[in-house]
Amino acid sequence: WEGRDLAAVWREYFATLRRAAASGLFDVLAHPDLVKIFGFRPPETVVAEEFAATVEAARQAGVCLEVSSAGLRKPVGEIYPGRAMLDLLFPPRCTACEQPWSAPPGRPQWCPTCDALLAVDRRPRCDRCATLRSPSDVRGCRGCARRRPAFAAARTIGDYEGALREAVLRSKQAQHSDLAADLGRRLAEALTTSPFPREPDLVVPVPMHWLRRLWRQHHHAQRIAQALAEHLGWTYSDRLLVCQRYVGRQTGVTAAQRWRNIRGAFAARRSAKDLCVLVVDDVMTTGATAHEAARALTAAGAACVWVATVSRSLFH
């Protein structure tokens, strides 16, 4: 490969694909950018030209292009075809309002309006539980004084209201998993703005019971945590914490009932000895869920537990 003209190889590959599309012999072109598995890619301008020409050839011939996730579990680490070709087939949209929009790589896929509405709230907050506080309040957080949480610190994007609340609710749905990932990237920006004392050893999502996951077909906290960890280059795992019993809906119950419902729901599958663990979720209300997750991790030997949630809601 080192001795070959990469641009020529890719052009020859996609020219062959276009001839296959025009031949009338095929209904489906599978793994349309398979050549990428070798790990050698020409300049992006060449890739973009070949992708565009191949998509147009398939359109004119009425041939389908297969979308396969097989590459995600292989060294290539991405689906077939890659995002650049998929964007030609399905033009990118803002994941929050679904208006046509293409954001730079690594940024949330949000239009300028949604990006502003979902900006990190930089007002002062309690370092322990992330509730808003007045800079002049020298007595500290009353909530933390009443019930000391098992986690050492918490961070959030902002309060659970307005556009952020709507985004969180949409991200719970399987068809909006990209929005959940974008919220994770924005949460990563919040952690950059207000960092923890050091980098965590592990990022874990609040676990979901298998029955609830089967019903939802989506684990939004997992997508949020994955995107956050990837954005910051931190280690991610969804196999440390497990939800060992089904927990009913926490909406419409008192704060005391929330704490009783969730108590003992989580357990660590293995030792977390001396690890500093970051627990990620979409909303913190009473803090009961985060507290129980932190308690399970501490029981497994974690040296410290921090929490990051997309939004912070006060229980009314």
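Just so it is clear, none of the values below were taken in a lab; they were calculated from the coordinates. Remember, predicted model here, so these are calculated numbers, not experimental data. We place every Cβ from the backbone using ideal geometry, glycine too, and count neighbours over all the protein chains shown.
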note = Counting only DSSP beta bridges fully inside the chain, the antiparallel percentage to nearest 5 is 20
message = Using amide H atoms built in the peptide plane, which far-off residues or other-chain residues are under 5 Å from Asp282 H to H?
response = Val310
note = Computed from the beta carbon distance with a Förster radius of 30 Å, FRET efficiency for Ser69 and Arg270 to the nearest 0.05 stands at 0.60
query = What nm distance separates the two modelled labels at Ser102 and Arg147, each placed 7 Å from Cα along Cα→Cβ?
reply = 4.9
message = Less than 14 Å from a label point 7 Å out along the Cα-to-Cβ axis of Arg59: which backbone N atoms in the range 87-119 qualify, by residue?
response = 87-92
task = Find the centroid of the Cα atoms in the range 92-134 and in the range 31-91, then give the distance between the two in whole Å.
result = 30
message = Suppose the Debye formula is applied to equal point scatterers at every Cα of the range 46-153; what is log10 I(q)/I(0) at q = 0.15, 0.16, 0.20 Å⁻¹?
response = -0.83, -0.88, -1.09
note = Given the candidates Pro205, His31, Trp234, the one whose Cα lies deepest towards the positive end of the charge dipole of the chain, counting +1 at each Lys or Arg C-beta and -1 at each Asp or Glu C-beta, is Pro205
key: Rounded to the nearest 20 debye, dipole of the range 86-157 from Cβ charges on Lys, Arg, Asp, Glu   = 760
ask   = Between Tyr13 and Glu189, what is the label-to-label distance in nm when each label sits 7 Å out along the Cα-to-Cβ direction?
value = 3.4
query = Around Tyr236, which amide H atoms from residues at least 5 apart in sequence, or from another chain, sit under 5 Å from its own amide H, with H modelled in the peptide plane?
reply = Val203
request  = Treating cross-link reach as a plain straight distance, find the aspartates and glutamates whose alpha-carbon is under 16 Å from the alpha-carbon of Lys273, omitting any fewer than eight places away in the same chain.
outcome  = Asp201
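Report the gain in length on full extension from Asp5 to Leu25: 0.36 nm times residue separation, minus Cα-Cα distance, nm rounded to one decimal.
That pair, Asp5 and Leu25, stretches by 4.2 nm at full extension.
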inquiry  = How much of the DSSP bridge set in the range 227-316 is antiparallel, in percent, rounded to the nearest 5?
reply    = 25
query = Once a ≥ b ≥ c are taken as the square roots of the eigenvalues of the Cα gyration tensor of the range 171-316, is the result rounded (a/c under 1.5), prolate (a/b larger than b/c) or oblate (a/b not larger than b/c)?
reply = rounded
query = For the chain, what does -39500 (n - 2.57) per DSSP helix run (n ≥ 4), summed and divided by total residues, give at 222 nm, in deg cm²/dmol to the nearest 500?
reply = -11500 deg cm²/dmol
request  = Would you please give the FRET efficiency between Leu169 and Arg41, computed as 1/(1 + (r/R0)^6) with r the Cβ-Cβ distance and R0 = 41 Å, to the nearest 0.05?
outcome  = 0.55
message = So if I place +1 on the C-beta of Lys and Arg and -1 on the C-beta of Asp and Glu, and nothing else carries charge, what would the dipole magnitude of the range 133-198 be about its Cα centre? I want it in debye, nearest 20.
response = 500
query = Taking the Cα centre of the chain as origin and charging only Cβ (+1 Lys, Arg; -1 Asp, Glu), how large is the dipole, in debye to the nearest 20?
reply = 1960
ask   = Lys74: which lysines have alpha carbons under 20 Å from its alpha carbon, excluding same-chain residues fewer than 8 sequence positions away?
value = Lys36
